[in-house]
Protein chains: 2
Amino acid sequence: MSLTVVGSIAFDAVTTPFGSRERMLGGSAVHFSLASSFFTDVRVVGPVGDDFGPEEHAVLRARGVITDDIEHVPGGETFFWRGHYDYDLNTAHTDETRLNVFGDFSPKLSQDSRECDVLFLANIQPDLQREVREQCEGARFVALDSMNLWIETARDALLRTIETVDCVMLNDAEIRQLTRKPNLVQAARELRALGPRVVVAKQGEYGAALLTDEGFFGLPAFPLETVLDPTGAGDSFAGGFIGFLAAHGTDELDHETLCRAMAYGTAIASFNVEEFGTERVRRLTRDEIAARVSELHRITHFVDAPVSLRA
Amino acid sequence: MSLTVVGSIAFDAVTTPFGSRERMLGGSAVHFSLASSFFTDVRVVGPVGDDFGPEEHAVLRARGVITDDIEHVPGGETFFWRGHYDYDLNTAHTDETRLNVFGDFSPKLSQDSRECDVLFLANIQPDLQREVREQCEGARFVALDSMNLWIETARDALLRTIETVDCVMLNDAEIRQLTRKPNLVQAARELRALGPRVVVAKQGEYGAALLTDEGFFGLPAFPLETVLDPTGAGDSFAGGFIGFLAAHGTDELDHETLCRAMAYGTAIASFNVEEFGTERVRRLTRDEIAARVSELHRITHFVDAPVSLRA
């Protein structure tokens, strides 16, 4: 099934304890579309400026991402983010944000993008997310991401948008902040009561959890000895998760399919953080993904056999 | 195989957002021994004062814990801890600590306790842990816990003690603090290079990870809608984990056995936090444990079947 993602396209300047890059391709829609390109046709919608050239287009096209709806704003500059991480790689510290063309972004979807079966609303202003969602009337499965900024400044708008989607993907701290409930199980149920069937709690280096009416599924992150740059991990996870669902049917979306999708999201996110920006995922192969999912299966499996316990 | 635990026996005063108790049975050796009592004979070694009476003994004896080596210090008072938790139940805030008889604790092990097959050194001063370890020459498997206080004030002593044990069980933040390595995989390898074969990283509400030379195993915590009091969760986890190993052979300690032990530790810890102190575990049944382990298996399992990915 066809997949459309709407979000940011960016240049990132990132410093971590393990190195730095002054200007690299990034943005939620970029990380998401590269990850989901392993599963289905992906159309990416987002604005860029004059500084976004053939080299950047080529990264996406090399993975078969359809870039027709990347909107070039003449005279503008592409969204720029500068940040750093200390040894606690779970926390990004923002040093500079230049919204540039992203500041006036009003998503314009082509007929093809609007006719998607699956839609991912990456982290943009919640009212814009809802406008896009309304343009994609035929979408059978719609997921969204958001961030603390919108929870703090546009909470009601975000809640209204959540009412219109099938799946919410947030960091677990954001889920607690949004619902004002410290218990994740209760918080996820409250979100589902608004409409979405599926809640995914991203937990950074600890993994991710899936919470639906059918139950819970928890998966640790893939253990890595080398983590160079966590930027884009959440969007790569979302791309693998949503991409898998788009490829394997969202109509009879059963619990088993959702759990398998979690594994693919986890696997691709783990590659993402091994190098800076898109450097690892752009040369990732399907065999590497399959091998990592199998490894993830192995390292989370235990034998549940009867044992003799004392009364 | 027989199991000895050396650690604190305490009265705790605990306040959480969900209630409070002014004086309840607690301490690392208590939580550990109740949890491990489902698997094997457990001897508990630790000091108490005149205020530790038949009622407290009865809680342990009801679960078959052998209390002969609980040392009664005449005229003394039992270790007392007062603390509270806010909505972030991962962080305990200490309001008052009265070491009382625990301040002068010098573990005295009976012949039976010294002849244990498996020894757990709960969180006490590292030099005392090493003295106990040396008294139990015949122990085939020795594990220890510790805390940030000892890492900060007795790091060298702790490292020397770690050299003498088979298994280190610490919070993941403590493992990083002790090794001064931010990456858990690298940090655990450094600990294993000191001697222990097995490193268990406790991750609070996110679960736990096992790191050995044979590989990694990660397990989320059991998702709970009701968490009243996390006090003792880590010791209950350790009791389930070490108890399982004591019951299922520590000589040919294979990876599968260690992974199964992780599941039992996780299950019992999840019961511990559902109520205050030992209130839930003291009436826990073996059927409830077995059912929760099976449920844990179900909610961490995904199907790893071939999928068609795009090149």
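Throughout, read-outs are computed from the coordinates displayed, never taken from laboratory work. As the structure is a computational prediction, the values presented were derived from the model and not from experiment. Note that we place each Cβ from the backbone using ideal geometry, even for glycine, and neighbour counts take in every protein chain shown.
Across identical copies of the chain, residue A:154 has label-point separations of 5.5 nm, listed in ascending order, with the point defined 7 angstrom from Cα along Cα→Cβ.
Of the residues B:121, B:188, B:139, the one whose Cα sits farthest towards the positive end of the charge dipole of the stretch B:66-224 is B:188 (charges of +1 on Lys and Arg Cβ, -1 on Asp and Glu Cβ, taken about the Cα centre). If R0 is taken as 60 Å, the Cβ-Cβ distance between residue B:279 and residue A:134 corresponds to a FRET efficiency of 0.70. Highest mean first, the peptides B:201-210, A:156-165, B:140-149 sorted by other C-beta atoms within 10 Å per residue fall in the order B:201-210, B:140-149, A:156-165.
Just report the Cα centroid separation between the stretch A:35-83 and the stretch B:204-224, whole Å. Spelled out, the Cα-based centre of one part sits 38 Å from the other. In plain terms, the chain from residue B:159 to residue B:106 could stretch by 17.1 nm, reckoned as 0.36 nm per residue minus the Cα-Cα distance.
Summing charges over all other residues whose Cβ lies under 15 Å from the Cβ of residue B:115, with Lys and Arg as +1 and Asp and Glu as -1, gives -2.
In this assembly of identical copies, the label point of residue A:286 (Cα plus 7 Å along Cα-to-Cβ) is separated from its counterparts by 5.0 nm, sorted shortest first. Label positions at residue A:88 and residue A:55, each projected 7 Å from the Cα along the C-beta direction, are separated by 3.5 nm.
Among the GluC sites (Glu not before Pro) found in the stretch A:220-259, those both in a DSSP coil and sparsely packed, with 13 or fewer other Cβ atoms within 10 Å of their Cβ, are A:225, A:252. For the listed residue pairs A:202/B:202; A:202/B:181; A:108/A:202, the alpha carbons are over 27 angstrom apart in A:108/A:202.
Is the protein assembly as shown best put as rounded, prolate or oblate by its Cα gyration tensor, with a ≥ b ≥ c the root eigenvalues, rounded for a/c under 1.5, and otherwise prolate when a/b is larger than b/c, oblate when not? Note, shape of the protein assembly as shown comes out prolate.
The residue of chain A whose Cβ sits closest to the rotation axis that maps A onto B, together with that distance in whole Å, is A:206, 2. If you take all other residues with their beta carbon under 11 Å from the beta carbon of residue B:124, and give Lys and Arg +1 and Asp and Glu -1, the sum is -2.
Residue B:93 label point (Cα plus 7 Å toward Cβ) to equivalent points in the other copies: 2.6 nm, shortest first. In chain A, helical runs assigned H by DSSP with n ≥ 4 each contribute -39500 (n - 2.57); averaged across all residues and rounded to the nearest 500, the mean residue ellipticity at 222 nm is -10500 deg cm²/dmol.
Sequence-distant contacts, meaning Cα pairs under 8 Å at least 6 residues apart, place the relative contact order of the stretch B:210-311 at 31 percent. Taking chain A as a Gaussian network of alpha-carbon nodes connected by springs under 10 Å, the highest mean-square fluctuation of the residues A:282, A:82, A:21 belongs to A:21. Dividing the Cα radius of gyration of the stretch A:181-288 by 2.2 N^0.38 Å, with N the residue count, gives 1.10. With contacts taken as Cα pairs under 8 Å and at least 6 residues apart, the stretch B:1-85 reaches a relative contact order of 37 percent. Inter-part distance, the stretch B:283-311 to the stretch A:233-289, computed on C-alpha centroids, equals 20 Å. For residue A:286 and residue A:96, the difference between the fully extended length at 0.36 nm per residue and the C-alpha to C-alpha distance is 64.9 nm.
Under 1.5 on a/c is rounded, so check that first for the stretch B:10-52, then, if it is not, pick prolate when a/b is larger than b/c and oblate when it is not; a ≥ b ≥ c are the square roots of the alpha carbon gyration tensor eigenvalues.
In terms of gyration-tensor shape, oblate.
What does the charge add up to near residue A:309, with Lys and Arg as +1, Asp and Glu as -1, over the other residues with Cβ less than 11 Å from its Cβ? Overall, the nearby charge balance is 0.
Taking a ≥ b ≥ c as the square roots of the eigenvalues of the Cα gyration tensor of the stretch A:77-194, is the shape rounded (a/c under 1.5), prolate (a/b larger than b/c) or oblate? It comes out oblate by the Cα gyration axes. Computed on chain B, with alpha-carbon pairs under 8 angstrom and 6+ residues apart, the relative contact order is 17 percent.
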